[in-house]
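Have a look at the structure below, then the notes.
The values are calculated or read from the model by the stated rules, or taken from the named source; none is laboratory data. The shown structure was predicted, so the numbers you read here are calculated from the model rather than taken from an experiment. Note that each Cβ is placed from the backbone with ideal geometry, even for glycine, and that neighbours are counted across all protein chains shown.
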Amino acid sequence: MSDIEALNEQLAGLQEEALKAFSGATDLAVLEQLRVAYLGKKGALTEVLKGVGKLPPEQRPVIGQQVNAVKQALATALDAMESELAVKAKAERIEAERLDVTLPGRSGPVGALHPVQQGLDEITAIFSQMGFAVAEGPEIENEFHNFDALNIPPEHPARAMHDTFFVKGLSSGENAEPMLLRTHTSPVQIRAMRRFLEEGHEPPLAVVAPGRVYRCDYDVTHSPMFHQVEVFKVDHDVSMAHLKGVLKHFLSTYFEREVDIRLRPHYFPFTEPSAEVDIGCVFCARKGCRICKGSGWIEVLGSGMIHPNVLRSVGIDSSIFSGFAFGLGVERLVMLKQGIPDLRLFFENDVRFLRRMGS
């Protein structure tokens, strides 16, 4: 057998072998490996071409045409198989990524407001529905708004360093007024009344003032930072009867049941007369339990008629107008409503507690 016949036979066998291998490729990666094996620089066809140099010069063009024909046939087969495998791969990918839109969606964890914020919003909403305007004030206050205007004398224990957070560096000068973190939201009462009068209005004025307050205290039932809501109304002939009616409606609405209330005489420098407000125990229905210490009553807030000195400090004539005011601790009411035993749970950020309260 001549050299050219041997080369032709080798080329025919190579073409048949390559076409069979191409048709058996299972994916594009395998097909690429076959392309390199047969048509690459070091592939099988290149090895065949090395024998062309041994042929006489007049036979080389003939075998060259045969090599080009084989190369073209393999390239055509490769392209066809590549298109077929690409369509197959796309169909498989679409099937793998197919979504069943009839299945229920996956639900992830949903955030919620902090339980104290929930209580604050609920309390504020109740008073807003009763016609009280919402007002806010600065958390860093001066002594006039926090103490003096509220008829709290200089010797009062609340003004002592061990009860109040005084803030240094916010004022300068020999006669600079000391600044402090407000100990209650009652300063908003002063600011709201003064602003109301400065704008040229006259009572009636009804305000609810929610916000953070600060005191030097921390235990199971006290925190150095907590939330308070101040509520007051000023108008002609406001009386303790009005105060009791508002308290009754608010507490019954908040606890979502009809609650009994009682007012016990007490002393607050900014109200006269003053009263502590108790509600019938929401845990035992006044039968006596551990929470109410067997009395059937739970103290919830302080209240009273706005002291004439407080009205005079903002320029309201106490001989014409009167008003009531009361302040309540948000955390305390939330604890009573939700049955939370320890105030510190609100601030320890235990995710289990927050998830339960946020649901």
**Study point:** Conditions (1) at pLDDT below 95; (2) closer than 25 Å to V207 by Cβ; number of the one not met by G173
**Key:** (2)
Review point. Looking at (1) β-branched (V, I, T); (2) in contact (Cβ under 8 Å) with a residue 24 or more places away in the chain; (3) surrounded by fewer than 18 Cβ atoms within 10 Å (Cβ to Cβ), can you tell me which one V314 breaks?
Key: (3)
Review point. Taking the stretch 284-311 only, how many residues are in contact (Cβ under 8 Å) with a residue 60 or more places away in the chain and small (G, A, S)?
Key: 2
Check your understanding: Is it the case that some residue within the stretch 160-167 is surrounded by fewer than 18 Cβ atoms within 10 Å (Cβ to Cβ) and within 23 Å of T271 (Cα to Cα)?
Key -> yes
**Study point:** Residue that is surrounded by the fewest Cβ atoms within 10 Å (Cβ to Cβ) [pool: residues in the stretch 219-273 that are closer than 20 Å to I152 by Cα and in contact with a Ser or Thr (Cβ under 6 Å, 6 or more places away or on another chain)]
**Key:** Y267
**Study point:** Residue count, the stretch 311-353 (criterion: outside any loop (DSSP other than H, G, I, E, B), modelled with pLDDT of 85 or more and either within 18 Å of the chain's Cα centre (by Cα) or not acidic (D, E) (or both))
**Key:** 24
Exercise for review: For the stretch 123-146, enumerate the residues that are within 20 Å of K233 (Cβ to Cβ), assigned to a helix (DSSP H, G or I) and of a type outside the set (A, V, I, L, M).
Suggested key: T124, F127, S128, Q129, H145
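Specify the residue that is nearest to P203 (Cα to Cα); the eligible residues are those in the stretch 269-291 that are among the hydrophobic types (A, V, I, L, M, F, W, C) and in contact with an Asp or Glu (Cβ under 9 Å, 6 or more places away or on another chain).
Among those residues, the one meeting the criterion is V277.
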Practice item. Take E331 and decide whether it is buried (at least 16 other Cβ atoms within 10 Å of the Cβ) and closer than 26 Å to V110 by Cβ. Key: yes
